[in-house]
Each structure stands twice: as C-alpha cells, then as structure tokens.
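Take this structure, written in structure tokens, and hold onto it; I'll ask about it next.
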Amino acid sequence: MTIKLYDQDSHLRRFSAQVLACTPRADKRWDVFLDQTAFFPEGGGQPADQGTLAAEAGAPVAVLDVQEQPEGIVHICGGPLPQGAQVQGSLDWPLRFRRMQCHSGEHVISGLAHRLYGCNNVGFHMGEAEVILDFDRELSPEELQRLEDEANRVIWENRPVTADYPTPAALEALDYRSKLELTEDVRIVTIQDCDVCACCAPHVSFTGEIGLVKLINAMRHRGGMRLWMAAGSLALADYRRKQENVAAISAALSVKQGEAAQGVARVQQELQDLGLALKEAKHALVAEKCKALPEAAGNLCLFEPGLDIPGLRTLVNAGVVRCGGICAAFTGSDKDGYRCVMGSQTVDLRAQAKAIHQALGGKGGGQPGMIQGSVTASRAEIEAYFA
C-alpha cells in the first residue's frame, strides 16, 4: 500500500519516492505506483492533485490524475517512469492550496449550519470557480447572512484545524458529521469549537489560511437549500470579476460604483417608457398606412420594412376590404427573407397555402381568411406572383 504523506503533512509540496510499477494505458498515458506520495487522490468531494514526477536523469512527467485503488494510489501520468527509480514529486501547490481553502471553508460553513440551524450537509461539489453545498433545510436570507458572518469570524480567529484517526472506542463516543456509516480507519477533521467531521482530504492547519468565505448564491433545492460558496483565492477572484463588471456598468451609466444598481433601474425605466412611446408611434403609423391603402380589383401586395407581425395583421385587415383578391403584407429583405401576413374575403387561403408556399419558398399556416408565415422569394418574385 502507498504511504499517504498528505495525511501526515497537508502542506508538503515536494517529496521523494520510489517507482513500484509503471504500466501503459489504452489512452497513451501511464499508471504509476509509488511507495509513498503527497499527491491526494480524488475523494471526499475534492478533485485529485496535479503536478509532476521526475527521475534523476529524465524530464518531469506530468501527473494528470490520481486515484485510490485497492492495490494502492495510482498516478495517471503523461509519460513513463523507470520501475525502481527514485523520483522527485512536485505538487501544483497553488491548485492544491486553493482547494484546501475551499474544502476547509466548506467544513466551517457546514459545521456552523449544523450547530446553528440543525442542517445536514447532503451534497458537496468542488468546482474550479466555486463550491456547491446542499443542505436538508431551507435557510432564510437573515439566517444565511448570520451563517456567513459567523463563518468569517471563525476564520479570523485563526482556530486550529486538526486531523487524526480515533480508536474505535473513541470514535463510538464521538459526535461527528458524516454522510456514511463508518466503523474503522475513520479520519476525523476537527475545527476548534466549530466542526467535527469525517473527511479524507487535506485541510489547512489554521482557519486563518482560508482567508474568507463568501456565499455567492442560494436557492431552494429538493426541500432544502443549495448554496454556492467561494473561499480564499477563489473568493478574491469572484470579487474582482464582479468589481470589474460594476466598474464597467458605472462608467457606462455615468454613476458612482455604489449606485450602479440604481443606474440600471433608471435605464430600465427609460427603456420601458421608450418602448411604450414606440408602440404608440407604431400604432399611429399603421393607422395612417391603413388610411392610405389604395383600392384594387385584384390582389394588393404591400412591403413595410420595420413592421412586426401584429402591425402587418392590422394592415391586412384594412386591406382585405379594399381589394377583390388577396391582401399580402411583407416585412424583411431579399437577403434575410420576408415574414408575411395574407388575408382575403374571397379566397380560401388555408386551401391555397400549399400552392403559395411552393411558389414563394414559404411556410406557415392559419385560417381560411388569414394566414401568416415566411417566404424566401425575392421582392421581385413576390410582386410578380401577386400581380
């Protein structure tokens, strides 16, 4: 079995080990087994570490994934390593530390949610930009704010974080959080006066290393609550992204950054007012166009750029009483195609729709007195058809 150096020292970044086996995989990668490792394999909701392994005379080989198997911990590598060779392992430390901050931050949040509100953590996923937590109880906005405040107080007090393997008797008497029924080789992570939880992952040594936690979103989920959280460097990155967005919005609206939301609300109201004014103007325009429609013994073919389907329909309703055939109104262009409405008091358009569509490359449908849809024919072809 592989000796788990990360269990002994979560801050170990480099280590020496011997290659016990190296076998090729079907995906042109290699499975490498070491006698000991500081690379954490995927588990407990935390992704596997990444980094490199290097023999004395060879170039570093990328460690792409790490998994725990019955025979030991397998390092899935981008190249081979000589069996029996001594290698130097080097972790991608910024990646590992970021995940430790997030995982320890999750323990703080989950431990406090359990202590304060009786919530049980029933789901945990660590992504590259955020952590998702699922609780079995809904939390109010006020409870969430208190939870965030208390979590950051625990962090700022720099409380110790320890991990050990209690004896079966001690474990039996211990009150700890766990999603599974565990009986032996149970690793307990304790955050002083905050949380006691079964967990196999590496954690920070003191809560101050987490930096801060921020709840960035919350929603009801399966009778409970789903939270999105960022911690440490991820929380800082999230803040920077949002600050950049706020700065861009405030500059665009010529308002102070702290008044960006009010600025957006003002623009939304202005757009709503303009939309109503535009709607009234369109109605007035269509009304004038209806008054100006000519009389026609046969078909009446109209092209009105900028009108929407309701406007075309109003125009056609006025046109059908002024022509003896079909009143057809179109909006669009030869390049993008045309949307159309057709009406008639003398022609069954639903019966004629197939023939019209075949002639004009169209589609759509409707009632005997009116159909609507789109056509791909050019304006000249459309006018020739209805002439």
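The values are calculated or read from the model by the stated rules, or taken from the named source; none is laboratory data. Only a predicted model underlies this, so the values are computations on that prediction, with no experimental measurement involved. As a convention, Cβ positions derive from the backbone with ideal geometry for all residues, glycine included, and neighbour counts pool all protein chains shown. Note: areas computed on protein heavy atoms with side chains; ligands, DNA, RNA excluded. Shrake-Rupley method; radii C 1.70, N 1.55, O 1.52, S 1.80 Å.
Would you check which residues across the range 184-208 are open to solvent by 30 Å² or more (accessible area, probe 1.4 Å), modelled with pLDDT under 95 and either outside any loop (DSSP other than H, G, I, E, B) or under 21 Å from Ala48 (Cα atoms) (or both) and list them?
Asp185, Cys200
Same structure, new question: All but one of (1) at pLDDT below 95; (2) farther than 30 Å from Ala252 by Cβ; (3) not charged (D, E, K, R) hold for Gly306; state the number of the condition that does not hold.
All conditions are met except number (2).
Let me ask something else about it. Select from the range 56-65 the residues that are at pLDDT below 95 and within 19 Å of Pro24 (Cβ to Cβ) and write down the one among them that is surrounded by the fewest Cβ atoms within 10 Å (Cβ to Cβ).
By that ranking, first place goes to Ala59.
So which strands (runs of 3 or more DSSP E) are wholly in the range 287-349 and hold at least 3 residues that are of a type in the set (Val, Ile, Thr)?
In the range 287-349, no matching strands (runs of 3 or more DSSP E) lie anywhere.
Let me ask something else about it. Having 3 or more residues that are in contact with a strand residue (DSSP E or B) (Cβ under 6 Å, 6 or more places away or on another chain), open to solvent by less than 50 Å² (accessible area, probe 1.4 Å) and over 22 Å from Arg220 (Cβ atoms) is the bar; report the strands (runs of 3 or more DSSP E) wholly within the range 66-132 that clear it.
In the range 66-132, 72-77, 86-91 are the strands (runs of 3 or more DSSP E) which contain 3 or more residues that are in contact with a strand residue (DSSP E or B) (Cβ under 6 Å, 6 or more places away or on another chain), open to solvent by less than 50 Å² (accessible area, probe 1.4 Å) and over 22 Å from Arg220 (Cβ atoms).
All but one of (1) closer than 30 Å to Gly325 by Cβ; (2) not in a helix (DSSP H, G or I) hold for Val255, so report the exception by its number.
(1)
Restricting to the range 140-152, count the residues that are loosely packed, with under 14 Cβ neighbours inside 10 Å and farther than 21 Å from Gly223 by Cα.
Matching residues across the range 140-152 total 1.
Follow-up. Any idea which of Asp31, Asp49, Asp27 is without any contact (Cβ under 8 Å) to a residue 60 or more places away in the chain, farther than 28 Å from Thr162 by Cβ and within 31 Å of the chain's Cα centre (by Cα)?
It is Asp27.
Kindly list, by first and then second residue, each pair from a residue in the range 368-380 that is farther than 17 Å from Arg350 by Cβ to a residue that is in a loop (DSSP other than H, G, I, E, B) and at pLDDT 95 or above, limited to pairs with Cβ atoms under 7 Å and residues at least 6 apart or on different chains.
Short answer, once both residue conditions are applied: Thr376/Gly361; Ala377/Gly361; Ser378/Asp334; Arg379/Asp334.
Would you check which residues across the range 332-344 are in contact with a Gly (Cβ under 7 Å, 6 or more places away or on another chain) and of a type outside the set (A, V, I, L, M, F, W, C) and list them?
Tyr338, Arg339, Gly343, Ser344
If you don't mind, there's one more thing I want to ask. Go through the range 209-261 and give me each residue that's open to solvent by less than 30 Å² (accessible area, probe 1.4 Å), of a type in the set (Ser, Thr, Tyr) and touching a strand residue (DSSP E or B) at 6+ places or on another chain (Cβ under 9 Å).
none
Are there any pairs, at least 6 apart or on different chains, whose C-beta atoms fall under 6 Å, with the first in the range 233-246 and farther than 14 Å from Gly211 by Cα and at pLDDT below 95 and the second open to solvent by 50 Å² or more (accessible area, probe 1.4 Å) and not polar (S, T, N, Q), and if so, which?
none
Under 9 Å between Cβ atoms, at least 6 apart or on separate chains: pull out the pairs that start in the range 346-366 with a residue that is within 15 Å of Val316 (Cα to Cα) and end on any residue that is of a type in the set (A, V, I, L, M, F, W, C) and in a loop (DSSP other than H, G, I, E, B).
Taking only residues 6 or more apart or on different chains, the pairs are Thr346/Val320.
Counting only residues that are at pLDDT 95 or above and closer than 17 Å to Gly72 by Cα, which one in the range 43-52 is surrounded by the most Cβ atoms within 10 Å (Cβ to Cβ)?
Asp49
Give the range 226-252 a look and list any residue that's touching a Gly at 6+ places or on another chain (Cβ under 6 Å) and either assigned to a helix (DSSP H, G or I) or of a type in the set (Asp, Glu) (or both), or say none.
Gly232
In addition: Whether any residue in the range 207-226 is touching a residue at least 40 places away in the same chain (Cβ under 8 Å), farther than 19 Å from Phe40 by Cβ and over 26 Å from the mean Cα position of the chain (by Cα) is what I want to check.
yes
Okay, moving on. Which of (1) touching a strand residue (DSSP E or B) at 6+ places or on another chain (Cβ under 6 Å); (2) open to solvent by less than 50 Å² (accessible area, probe 1.4 Å); (3) not aliphatic (A, V, I, L, M) does Gly325 not meet, given it meets every other one?
Answer for Gly325: the failing condition is (1).
Go through the range 23-42 residue by residue and tally those that are of a type in the set (Phe, Trp, Tyr) and open to solvent by 20 Å² or more (accessible area, probe 1.4 Å).
Qualifying residue count for the region: 2.
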